[in-house]
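Asker: Can you read through this structure? Questions will come right after.
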Amino acid sequence: MTSHDVPAHLAGPAVPDGLGAVDRPTVSFELFPPRNPDAAPRLWSTVQQLATARPDFVSVTYGASGSTRTTTRQLVRRLLRETSLTPIAHLTCVASSREDLAATVEEFLDEGVRSFLALRGDPPADRSWEPHPDGLPTASALVELLRDVERRRCASSPAQAVRAATRPLSVAVAAFPRGNAGAGSTREQDVAALLAKQEAGADFAITQVFYDAGSYLELVALARDAGVTIPILPGIIPTTDPARLRRVQQLTGVPVPTDLLARLDAFDPEDPDDRARRHRVGTRLGVDLVDAVLDGGAPGVHLYTFNAHGPALDLLEGAGLGGDAPRAHLRVPSAVPAGAVDATSVLTTAPTPVPTS
């Protein structure tokens, strides 16, 4: 795809100002393919808005047991063909044979995908997790498969070897601030699993959601002590919508701090002015969390958007990471009134283990 193929509102400058600066934290988003085709135009509008932040990449989720395989590929293909964004395709190994997984990897690579998020994956809601008889039991085994497929392609085609040299395959994996309930593991066990993923060829990790900086910073410290050297990117959800936070708690098992919910619930959702005030308070709390992890050495932030651009972009703007401030982390002074509860005290409930992989 040439620059002339990219719509003007998405393309940006040939060399985006400041995006290569070493002191600029990375910015990235997670999207999910719409289950309802009628939602596709709204998602594409969200993509256009998120592109204004000039993210380093956007990841595209993959449903349980590959349930969104086709729609995930369609969204990734469109991102590749119609935007200048870098998509990372999620890939799970649950309920899939090694042969099917290898074929899926080949399909993505044929489309031009060069980045993956390798996950063990969640089972369907009515089943417990167990590996396919001819499948892969762990995310680290999936990382190995990705590397094996890439090596075979390069060995079989000098042209592919050249392409791989200029655009190396990138593999991300998951990390868990308080352990992985889906695997029945503690945080220490998950750190050992993260080390295994690194040894299999992972390039960086993205964490599950958390609500206090300590969860992330403690995970990183444990991982470094265990020999994990790859970057660990904090995964953060904008804390503006209490209904969405409660839904995330149901999906992940990560409890939302009661003090945080109490602050958001204090506003009348039927009053437009109150909704606006709730959004500002939630954004401020999210900014304080982003500030804390970046000050603690995080390489950037990965935002779980739930296909909504407004809260994510407002959070980035408040943290000095918006499209107009790409060079560095520009701290915005806290707007929390004196005597109010700030993020360091609100976001202190330690997450329980989470079920995603």
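Asker: Within the range 77-94, which residues are farther than 20 Å from A53 by Cβ and open to solvent by less than 40 Å² (accessible area, probe 1.4 Å)?
Answerer: Answer for the range 77-94, where residues must be farther than 20 Å from A53 by Cβ and open to solvent by less than 40 Å² (accessible area, probe 1.4 Å): A89, H90, L91, T92, C93, V94.
Asker: Restricting the first residue to the range 168-184 and requiring it to be closer than 17 Å to C93 by Cα and open to solvent by less than 30 Å² (accessible area, probe 1.4 Å), which pairs with a second residue that is charged (D, E, K, R) and modelled with pLDDT of 95 or more meet a Cβ separation below 8 Å and a spacing of at least six or different chains?
Answerer: V171/R147; V171/D203; A172/D203; V173/K197
Asker: Another one. With the checklist (1) at pLDDT 95 or above; (2) of a type outside the set (K, R); (3) assigned to a helix (DSSP H, G or I) in hand, flag the one item V248 doesn't pass.
Answerer: (1)
Asker: Spot the failing condition for E317; the list is (1) part of a helix (DSSP H, G or I); (2) open to solvent by less than 30 Å² (accessible area, probe 1.4 Å), and only one is missed.
Answerer: Going through (1) part of a helix (DSSP H, G or I); (2) open to solvent by less than 30 Å² (accessible area, probe 1.4 Å) one by one, E317 breaks only (2).
Asker: Starting from residues that are closer than 21 Å to V228 by Cβ and not hydrophobic (A, V, I, L, M, F, W, C), keep the ones in the range 131-158 and report whichever is most open to solvent (accessible area, probe 1.4 Å).
Answerer: Among residues in the range 131-158 that are closer than 21 Å to V228 by Cβ and not hydrophobic (A, V, I, L, M, F, W, C), the one most open to solvent (accessible area, probe 1.4 Å) is E144.
Asker: Of the conditions (1) more than 23 Å from T207 (Cα to Cα); (2) open to solvent by 30 Å² or more (accessible area, probe 1.4 Å); (3) in contact with a helix residue (DSSP H, G or I) (Cβ under 8 Å, 6 or more places away or on another chain); (4) not hydroxyl-bearing (S, T, Y), L264 satisfies every one except a single condition; which number is it?
Answerer: Only one criterion is unmet by L264, namely (2).
Asker: If you don't mind, there's one more thing I want to ask. If you take the residues of the range 211-234 that are open to solvent by 30 Å² or more (accessible area, probe 1.4 Å) and assigned to a loop (DSSP other than H, G, I, E, B), which of them is farthest from V27 (Cα to Cα)?
Answerer: Looking at the filtered set, the residue picked out is G227.
Asker: Quick one: which of A161, A196, A165 is in contact (Cβ under 8 Å) with a residue 40 or more places away in the chain, open to solvent by 20 Å² or more (accessible area, probe 1.4 Å) and part of a helix (DSSP H, G or I)?
Answerer: One residue alone meets the criteria, A196.
Asker: Further question on the same structure: Just checking, does the range 28-40 include any residue being at pLDDT 70 or above, open to solvent by 20 Å² or more (accessible area, probe 1.4 Å) and in contact with a strand residue (DSSP E or B) (Cβ under 8 Å, 6 or more places away or on another chain)?
Answerer: Within the range 28-40, one or more residues are at pLDDT 70 or above, open to solvent by 20 Å² or more (accessible area, probe 1.4 Å) and in contact with a strand residue (DSSP E or B) (Cβ under 8 Å, 6 or more places away or on another chain).
Okay, residues lined up against (1) of a type in the set (V, I, T); (2) on the phi > 0 side of the Ramachandran plot; (3) under 19 Å from the mean Cα position of the chain (by Cα):
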residue	(1), (2), (3)
V191	yes, no, yes
R244	no, no, yes
L251	no, no, yes
D259	no, no, no
A276	no, no, no
L289	no, no, yes
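Asker: What tally of residues in the range 93-135 results from selecting those that are modelled with pLDDT under 90 and under 27 Å from Q160 (Cβ atoms)?
Answerer: 5
Asker: Which residue, of V301, V287, is open to solvent by less than 30 Å² (accessible area, probe 1.4 Å), touching a helix residue (DSSP H, G or I) at 6+ places or on another chain (Cβ under 7 Å), at pLDDT 95 or above and part of a helix (DSSP H, G or I)?
Answerer: V287
Asker: On to the next question. Within the range 70-87, how many residues turn out to be more than 13 Å from G112 (Cβ to Cβ) and of a type in the set (A, V, I, L, M, F, W, C)?
Answerer: 1
The values are calculated or read from the model by the stated rules, or taken from the named source; none is laboratory data. The model shown is predicted, which means the values in this text are computed figures rather than measured ones. Cβ sites come from the backbone with ideal geometry, for glycine too, and all protein chains shown count toward neighbours. Side chains are part of the model used for accessible areas, which takes the heavy atoms of the whole protein and leaves out ligands, DNA and RNA. Shrake-Rupley method; radii C 1.70, N 1.55, O 1.52, S 1.80 Å.
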